[in-house]
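The values are calculated or read from the model by the stated rules, or taken from the named source; none is laboratory data. Just so it is clear, the structure is predicted and the values come from calculations on it, not from any experiment. Using ideal geometry, Cβ is built from the backbone for each residue, glycine included, and neighbour counts are taken over all protein chains shown. Ligands, DNA and RNA are excluded from the accessible area calculation, which covers all protein heavy atoms including side chains. Shrake-Rupley method; radii C 1.70, N 1.55, O 1.52, S 1.80 Å.
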Number of protein chains: 2
Amino acid sequence: MTFEDLMQGPCAWYGQEDSEGIAISSRIRLARNIDGYPFPARASKEQRLELREQIGELLQEDERFAEGLYLRLDELSASERMLLVERSLSSPEHGEESHEGALAVSTDTHDAVMVNEEDHLRLQVLRGGLSLKEVWEEMARLDDALEQRVNYAFSAKYGYLTCCPSNTGTGLRAGVMLHLPGLALMEEIRSVLRGLGKLGLAVRGLDGEGSDADGFLYQISNQMTLGRDEESLLADIQDVVEELVEHERNARLRLEEQRPAWLRDRVGRAVGILKNAWVLPSKEALDLLAMLRLGMGMGLLEWEHAPSVEQMMVEVRPAHLQRLAGRSLEVEERDRFRAQWMRSKLADLKKGSTL
Amino acid sequence: MTFEDLMQGPCAWYGQEDSEGIAISSRIRLARNIDGYPFPARASKEQRLELREQIGELLQEDERFAEGLYLRLDELSASERMLLVERSLSSPEHGEESHEGALAVSTDTHDAVMVNEEDHLRLQVLRGGLSLKEVWEEMARLDDALEQRVNYAFSAKYGYLTCCPSNTGTGLRAGVMLHLPGLALMEEIRSVLRGLGKLGLAVRGLDGEGSDADGFLYQISNQMTLGRDEESLLADIQDVVEELVEHERNARLRLEEQRPAWLRDRVGRAVGILKNAWVLPSKEALDLLAMLRLGMGMGLLEWEHAPSVEQMMVEVRPAHLQRLAGRSLEVEERDRFRAQWMRSKLADLKKGSTL
């Protein structure tokens with residue numbers, strides 16, 4: 001597989017969600033460090049380089065990664081690194097700087113390993129829909145396979161040792177990406193999400209920590225990694241997410257019952273603007289696409305040969321957009337190019353429904 | 001002519017403007033009172049009724065009004081009176097209450113006489129485009145014809161006497177309706193209009209005194225009626241308006257030169273929203289139609305069988321909309337019906353240009 005092959009394919013985070021499109025994807029990330037090496041921030045450049053090559057060789061022996069990619073980040077351009085971030089394969093921090101970092105991507109592009117991020121290893125497995133159990137099984141397999149070949153830094157008292165104490169223990173962070181426009185439109189999203197903190201869960205936007213909830217996309221993940229076994233932690237998240245999905249479903253029903261015209265107005269205006277704008281900032285594009293997605297999920301919009309809204313949500317983002325343009329674009333140019341691309345993408349759609 | 005005939009026809013204020021559509025219409029209004037009668041507010045009901053019948057008979061003898069309408073306002077419903085206001089035939093004050101008032105409309109619907117408004121008579125002549133001279137000639141003819149049959153309240157010192165001193169003298173108010181979206185988008189409208197006050201000119205919105213400039217429509221008219229002869233006053237207004245038209249033309253050129261994408265964005269979004277909204281408040285509809293009008297005026301939008309934006313600007317207004325619906329509508333229903341009507345109106349338009 002080449003970098004270009006990766007870019008031509010779809011992202012792992014969409015395409016397998018349930019038909020309503022509320023639970024989009026499930027992800028588990030494990031933080032692991034190799035015994036005998038200082039954490040990346042304290043390691044010497046030579047140590048980081050050595051570790052990077054060692055991990056690369058190890059992953060070559062894993063069947064899921066053997067035909068995949070092993071990307072040394074300092075061999076990539078800044079825009080290539082951003083492409084990886086926008087596809088949720090790399091963290092924003094890992095994408096920005098390249099301290100002898102690497103990113104391994106599995107052949108099917110669903111799994112990834114960040115090397116020399118905050119920890120030596122950040123294993124990541126991603127699947128569509130609400131599928132934490134399946135994701136965990138796959139992750140456990142990958143983790144076990146690696147553990148047979150390297151010595152993880154591990155303490156009998158604390159569990160897996162990590163650079164930041166907040167990851168110590170299981171080193172596990174499990175998250176589900178949810179699309180919650182119904183709760184947002186009903187103005188219930190804040191109160192619903194506020195309750196999650198008390199349950200030890202964090203809410204983040206599309207790009208993880210510190211990012212805004214553009215496009216009404218929310219990642220729900222655990223904050224605690226210590227003192228809980230993985231299965232019970234995942235079962236708890238699964239329960240909470242199922243409840244959130246039910247809340248969103250309910251909000252959509254109430255929208256349809258209580259404010260049908262207003263709902264169609266929001267969806268219709270989004271379509272109208274996406275089809276006719278000449279200047280389209282990134283956040284607005286995501287928010288409007290989210291309305292499109294809601295309309296399609298609720299059966300208000302039916303198009304022949306419907307576009308993949310999720311794919312568009314990735315393609316409108318800055319690095320992907322510049323890849324489409326074939327050149328680097330200033331912010332203003334980008335907003336114009338995004339609008340142009342969107343107009344052409346939606347121009348020939350034939351409506352199949354009344355909206 | 002019947003009331004229904006009047007409603008079926010176009011309004012006098014549009015359809016004859018210059019091709020750019022900047023100067024939409026010219027209007028002259030004369031305030032006149034009949035000697036021997038107290039001003040309407042101080043007259044008895046009997047006096048007002050007597051005057052109303054007397055004026056009705058007089059206008060029957062005028063060739064332009066003989067086949068027109070003579071509407072006794074207390075015989076009309078509130079919504080019928082509002083229809084007259086929305087068509088700029090009646091003032092909002094005259095439309096709201098009916099102190100034995102009447103409205104005469106000429107056969108061609110371009111001229112009107114309000115009876116028992118603030119003054120006994122408010123003569124009004126309206127023509128498309130910037131045509132103050134032509135309007136004045138027609139007005140002088142009407143005024144002279146009436147003056148031969150009644151004694152106007154006139155003072156050799158002050159001129160024509162009116163209820164409000166601000167109208168005394170010539171009793172003349174001349175106004176031009178301008179469409180200035182270019183200056184508004186360039187954010188120069190305030191500074192341009194501020195200068196008009198110093199020239200003794202007033203700026204008002206679509207519905208006259210106190211109304212907002214919905215749809216970027218501005219009425220420019222004189223404030224002074226005393227101590228100036230009509231011809232020089234009109235020549236001054238004509239000069240100022242020609243300058244404003246030039247300013248607007250210039251603003252549009254600069255928009256096209258400096259912010260072409262942004263301009264198309266504004267116009268495009270307006271089209272997109274008008275074609276797809278499900279809830280459309282009146283002010284928003286006017287503002288979006290104004291953008292449509294700008295796009296058409298600048299050649300950015302070319303439609304086969306283009307709709308009359310001006311006609312739509314009248315038809316989206318509350319009373320006209322309820323007439324289209326065939327029943328009275330609450331505000332929220334109105335916003336939904338307006339959106340529905342607009343969608344159907346614009347649904348089948350074929351684009352002829354790139355925007």
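Find which of A:T162, B:V279, A:A285 sits farthest along the positive direction of the dipole of the protein assembly as shown, computed with +1 on the beta-carbon of Lys and Arg, -1 on that of Asp and Glu, about the Cα centre.
A:T162
Taking square-rooted eigenvalues a ≥ b ≥ c of the alpha carbon gyration tensor, is region A:34-98 rounded, prolate or oblate, where a/c under 1.5 means rounded and, failing that, a/b exceeding b/c means prolate?
Details: a/c = 2.06, a/b = 1.15, b/c = 1.79.
Oblate is the answer for region A:34-98, as a/c is 1.5 or above yet b/c matches or exceeds a/b.
In whole Å, what are the Cα extents of region B:1-136 along the three principal axes, biggest one first?
Projected onto the principal axes, the Cα atoms of region B:1-136 cover 49, 30, 27 Å.
Can you list the residues of region A:150-177 with backbone N under 16 Å from a point 7 Å past the Cα of A:A306, pointing along Cα to Cβ?
none
Please state the shape class of region B:149-240: rounded when a/c is under 1.5, otherwise prolate if a/b exceeds b/c and oblate if not, all from the C-alpha gyration tensor.
Values: a/c = 2.84, a/b = 2.19, b/c = 1.30.
In terms of gyration-tensor shape, prolate.
What is the spread of the Cα atoms of region A:65-182 along each of their three principal axes, largest first, in whole Å?
42, 42, 30
Please sort by residue number the GluC sites (Glu not before Pro) in region A:144-226 whose DSSP state is loop and whose Cβ has at most 16 other Cβ atoms within 10 Å. Mind showing how you got there, number by number?
On the way: sites: A:E147, A:E187, A:E188, A:E209; in loops: A:E187, A:E188, A:E209.
Hits after loop and neighbour filter: A:E187, A:E209.
For label points placed 7 Å from Cα toward Cβ, what is the shortest-first list of nm distances from B:E242 to its copies?
8.0
Round to a whole number: what % of the accessible area of region B:260-353 belongs to carbon and sulfur, probe 1.4 Å?
Values: 1740 of 3750 Å².
That share works out to 46 percent.
Just flag the GluC sites (Glu not before Pro) in region B:252-320 sitting in loop per DSSP whose Cβ has no more than 15 other Cβ atoms within 10 Å.
Filter output for region B:252-320: B:E302, B:E304.
What total accessible area, in Å², is buried where chains B and A meet, using a 1.4 Å probe and rounding to the nearest 100? Could the numbers behind the result be given before it?
Working: alone 15960 and 15970 Å², together 30420 Å².
Buried area (both sides, nearest 100 Å²): 1500 Å².
Does region A:1-50 come out rounded, prolate or oblate, given a ≥ b ≥ c as the square roots of the eigenvalues of its C-alpha gyration tensor, rounded meaning a/c under 1.5 and, failing that, prolate meaning a/b above b/c?
Working: a/c = 5.00, a/b = 1.98, b/c = 2.53.
In terms of gyration-tensor shape, oblate.
Which whole-Hz couplings ³J(HN,Hα) result when phi for each residue of region A:291-298 is put into the Karplus expression 6.51 cos²θ - 1.76 cosθ + 1.60, θ = phi - 60°, listed in order with x for Gly and Pro?
5, 4, 5, 4, x, 5, x, 9
Pull out the extension gain between B:A156 and B:E80, defined as 0.36 nm times the separation in residues minus the alpha carbon to alpha carbon distance; nm, one decimal. Could you put the intermediate results ahead of the total?
Numbers: separation 76, 0.36 × 76 = 27.36 nm, distance 4.01 nm.
Here the answer is 23.4 nm.
Starting from region B:1-73, pick out the trypsin sites (Lys or Arg not before Pro) whose DSSP state is loop and whose Cβ has at most 14 other Cβ atoms within 10 Å. Mind dumping the intermediate values first?
Details: sites: B:R27, B:R29, B:R32, B:R42, B:K45, B:R48, B:R52, B:R64, B:R72; in loops: B:R42, B:R64.
When the trypsin sites (Lys or Arg not before Pro) of region B:1-73 are filtered for loop state and at most 14 Cβ neighbours within 10 Å, B:R42 remain.
Determine the order of A:R293, B:R264, A:R336 by accessible area, beginning with the largest, at a probe radius of 1.4 Å.
On the way: A:R293 20, B:R264 45, A:R336 95 Å².
Accessible-area ranking of A:R293, B:R264, A:R336, largest first: A:R336, B:R264, A:R293.
Quick check for me: using +1 on Lys/Arg Cβ and -1 on Asp/Glu Cβ, what's the dipole size of chain A about its Cα centre, in debye to the nearest 20? It would help to have the intermediate numbers written out before the result.
On the way: 43 positive and 62 negative charges, 264 e Å.
Approximately 1260 debye in magnitude.
Note down the nm distance, to one decimal, between modelled labels 7 Å out along Cα→Cβ at B:D229 and at B:R42.
Using points 7 Å along Cα→Cβ, the separation is 3.2 nm.
Kirkwood hydrodynamic radius, region A:3-251, all distinct C-alpha pairs: what's the number in Å? If you can, show how the numbers build up before the last one.
Details: mean 1/r = 0.0542 Å⁻¹.
Every distinct Cα pair counted, the radius reaches 18.5 Å.
Which three extents, in whole angstrom, do the alpha-carbon atoms of the protein assembly as shown cover along their principal axes, largest first?
Rounded to whole Å, the extents work out to 113, 47, 41 Å.
Dipole magnitude of the protein assembly as shown about its Cα centre, charges +1 at Lys/Arg Cβ and -1 at Asp/Glu Cβ only, in debye to the nearest 20? Please list the in-between numbers first.
Details: 86 positive and 124 negative charges, 83 e Å.
Value, rounded to 20: 400 debye.
Run the numbers for B:R327 and B:E20: contour at 0.36 nm per residue of separation, minus the present Cα-Cα distance, in nm.
Working: separation 307, 0.36 × 307 = 110.52 nm, distance 3.62 nm.
Contour length minus Cα-Cα distance gives 106.9 nm.
Rounded to the nearest 20 Debye, what is the dipole magnitude of region B:124-220 about its Cα centre when Lys and Arg each give +1 and Asp and Glu each give -1 at the C-beta?
Details: 10 positive and 12 negative charges, 67 e Å.
Its charge dipole is roughly 320 debye.
May I ask for the net charge around A:A31, where only other residues with Cβ less than 12 Å from the Cβ of A:A31 are counted and Lys, Arg are +1 while Asp, Glu are -1? Don't jump to the answer; show the numbers that get you there.
Values: positive: A:R29, A:R32, A:R122, A:R173; negative: A:E117, A:E118, A:D119, A:D143.
Cβ neighbours under 12 Å give a net charge of 0.
Residue by residue through B:256-266, how many Cβ atoms from other chains fall within 10 Å of the Cβ on average?
Numbers: counts 0, 0, 0, 1, 2, 9, 5, 2, 6, 9, 3.
Other-chain Cβ atoms within 10 Å of each residue's Cβ, averaged: 3.
Counting alpha carbon pairs within less than 8 Å and at least 6 residues apart, what relative contact order, in whole percent, applies to region A:3-251?
Details: 457 pairs, mean separation 59.3, N = 249.
Once normalised by length, the contact order is 24 percent.
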